[in-house]
Amino acid sequence: MSKKLDIFFGSETGNAETLASEISDELTDAGVENEVTDLSDYTVDQLSSVENALIVISTWGEGEPPPMVEEFYYDLEDGKAGDLPDLNYTIVALGDTSYDEFCGCGRKVDKHLETAGGKSFFERLELDTFYEDEVAEWKTKYYPKIQEHLG
């Protein structure tokens, strides 16, 4: 098993990118090897080589992916990632409760990864516009789990 965590982000306004970078820095300080990648620079067929992933993704409009991530998202939706039985993942979904499809993109990515055989390692976190307190609480639970998982 890989001892590395791949941290991916899908962002339009930069919030998911900022959060992914913050998590990466803190996990590095805690001794967790990780790498941050923009999903707009990534293809779904590359997921077959990933064992441990944290995906931080925002929702655009009514449950859609951020425009920069559409190709990755729709390829994932279409099953082009193939089978992903070795993928352990966690989703951090960013959204806005004023929209009907709150965190819709993150929920759908979660569903598509599960359909491909991926295993959710930690419950999906859904964040509204002002999320500092929720993220802080999540980190206190997630960081020890990922450290234990990666050995």
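Counting the residues of region 85-116 that are touching a strand residue (DSSP E or B) at 6+ places or on another chain (Cβ under 9 Å), crowded, with 17+ Cβ neighbours inside 10 Å and part of a loop (DSSP other than H, G, I, E, B) gives 4. Looking at ASP38, ASP25, just one residue is out of contact with any His (no Cβ under 8 Å at 6 or more places or on another chain), charged (D, E, K, R), without any contact (Cβ under 8 Å) to a residue 40 or more places away in the chain and surrounded by 16 or more Cβ atoms within 10 Å (Cβ to Cβ), and that residue is ASP38.
Condition check ((1) in contact with a helix residue (DSSP H, G or I) (Cβ under 7 Å, 6 or more places away or on another chain); (2) among the polar types (S, T, N, Q); (3) within 25 Å of TYR142 (Cα to Cα)) across all residues:
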{"position": "THR37", "(1), (2), (3)": "no, yes, yes"}
{"position": "ALA53", "(1), (2), (3)": "no, no, yes"}
{"position": "TRP60", "(1), (2), (3)": "yes, no, no"}
{"position": "LYS80", "(1), (2), (3)": "yes, no, no"}
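For ASP78, the test of being acidic (Asp, Glu), at negative phi and under 13 Å from the mean Cα position of the chain (by Cα) is failed.
Only a single criterion out of (1) modelled with pLDDT of 95 or more; (2) more than 28 Å from GLY31 (Cα to Cα); (3) loosely packed, with under 15 Cβ neighbours inside 10 Å is not satisfied by LYS119, namely (2). Being of a type in the set (Gly, Ala, Ser), modelled with pLDDT of 95 or more and not in a helix (DSSP H, G or I) is a description that applies to ALA53. Scanning region 64-84 for residues that are of a type in the set (Phe, Trp, Tyr) and either modelled with pLDDT under 95 or surrounded by 15 or more Cβ atoms within 10 Å (Cβ to Cβ) (or both) gives PHE72, TYR73.
Taken over region 82-106, the criterion of being of a type in the set (D, E, K, R) and closer than 21 Å to ASP133 by Cα is satisfied by ASP96 alone. Condition first: in contact with a strand residue (DSSP E or B) (Cβ under 8 Å, 6 or more places away or on another chain), under 22 Å from ALA116 (Cα atoms), among the basic types (Lys, Arg) and in contact (Cβ under 8 Å) with a residue 12 or more places away in the chain. Can you find one or more residues in region 4-11 that meet it? Within region 4-11, one or more residues are in contact with a strand residue (DSSP E or B) (Cβ under 8 Å, 6 or more places away or on another chain), under 22 Å from ALA116 (Cα atoms), among the basic types (Lys, Arg) and in contact (Cβ under 8 Å) with a residue 12 or more places away in the chain. Scanning region 105-145 for residues that are within 26 Å of PRO67 (Cα to Cα) and hydrophobic (A, V, I, L, M, F, W, C) yields CYS105, VAL109, LEU113, ALA116, LEU125, LEU127, PHE130, VAL135.
The values are calculated or read from the model by the stated rules, or taken from the named source; none is laboratory data. Predicted, not measured: the structure shown is a model, and the values here were computed from it. Reconstructed Cβ throughout: ideal geometry from the backbone, glycine too, with neighbour counts over all protein chains shown.
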